[in-house]
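Just below is one structure, and these are the notes that go with it.
The values are calculated or read from the model by the stated rules, or taken from the named source; none is laboratory data. Since this is a predicted model, take the numbers as computed values, not measurements. Ideal geometry is used to build each Cβ from the backbone, glycine not excepted, and the neighbour counts take in all protein chains shown.
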Amino acid sequence: MRHYFFLAFLACFQCSTAWGQDKDSLPNSGQIQVGSNYFGQSVALAYSRNLAGPLWAEVALETQSISFQSAAGQNFFVFYNSSYTNFNIGLDVHDFVTLDLAFHRSNQGEFRVLNSLAVGITHFDLTYHLSFNGADPSDVFRGQRDISAFALYTDLHLLDFYPSRDRLFFSLGIKGNTAFLPSPQTVDAKDGSGQTASISYASEDGGAIMFPDLELYLGLGYGFE
């Protein structure tokens, strides 16, 4: 499925070469982004191309690692742990592949505040790790599950800095992926003696489970012809 995304994206680039370009702006840019959402970090590589005027097309590849605890009887984002067990959860995202369209308010000036807003779609593959203690604190259950899904993507550049007479630029932004997963989601866990336990999470209304992922990032980019 991801190969079709890239083919569609490259087709957009080929069509865009016939459109008008701002002669004072470079039509291509590449950027490396380091992000954090407190529970983990991410690294992304992004490529952007100007399509026409303020409209840009972007593709990005990102990896991410998150770990947190879902405490008994407490909320974590949109999730509520109604059990009497503390669950340790880890998410290893092998890749986020994102395609989006971005609107740039201006291509001029060294400091550009709230200059770029992007919306698009992400496909991701991740491994969900789960561990918790049984009735005996020394008895630890562990399980994992692979998940692939799509997510809605948004990206807002809070501040961009373009040094004069330099093709390098710097970005501070916030981006998010919101996935809607089938309900329920179940993970099978096993302890050292071979006992098994199935842990499930279901939405209250029986609909899809909304899974949000927001992160703040710093980016170092380079513009080119």
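Observations, loosely collected:
- Among the numbered conditions (1) at pLDDT 95 or above; (2) crowded, with 17+ Cβ neighbours inside 10 Å, the only one that L91 does not meet is (1).
- S36 among the hydroxyl-bearing types (S, T, Y), in contact with a strand residue (DSSP E or B) (Cβ under 8 Å, 6 or more places away or on another chain), closer than 16 Å to G223 by Cβ and touching a residue at least 12 places away in the same chain (Cβ under 8 Å): no
- Filtered residue count, the stretch 37-75, keeping only those that are under 30 Å from G134 (Cα atoms) and over 18 Å from the mean Cα position of the chain (by Cα): 7
- Any chance V59 is touching a residue at least 24 places away in the same chain (Cβ under 8 Å) and in contact with a strand residue (DSSP E or B) (Cβ under 9 Å, 6 or more places away or on another chain): yes
- Residue in the stretch 78-86 that is in a strand (DSSP E or B) and either in contact with a Leu (Cβ under 6 Å, 6 or more places away or on another chain) or under 21 Å from M210 (Cα atoms) (or both) present: yes
- Looking across V119, V43, V97, one residue alone is modelled with pLDDT of 95 or more and touching a helix residue (DSSP H, G or I) at 6+ places or on another chain (Cβ under 6 Å). It is V97.
- Taken over the stretch 210-225, residues that are buried (at least 17 other Cβ atoms within 10 Å of the Cβ) and outside any strand (DSSP E or B) amount to 0.
- Selection status of G207, free of Cβ contacts under 8 Å to residues at least 60 places away in the same chain, part of a loop (DSSP other than H, G, I, E, B) and surrounded by 11 or more Cβ atoms within 10 Å (Cβ to Cβ): yes
- In the stretch 188-204, residue farthest from the chain's Cα centre (by Cα) [restricted to those that are part of a strand (DSSP E or B) and surrounded by fewer than 16 Cβ atoms within 10 Å (Cβ to Cβ)]: T196
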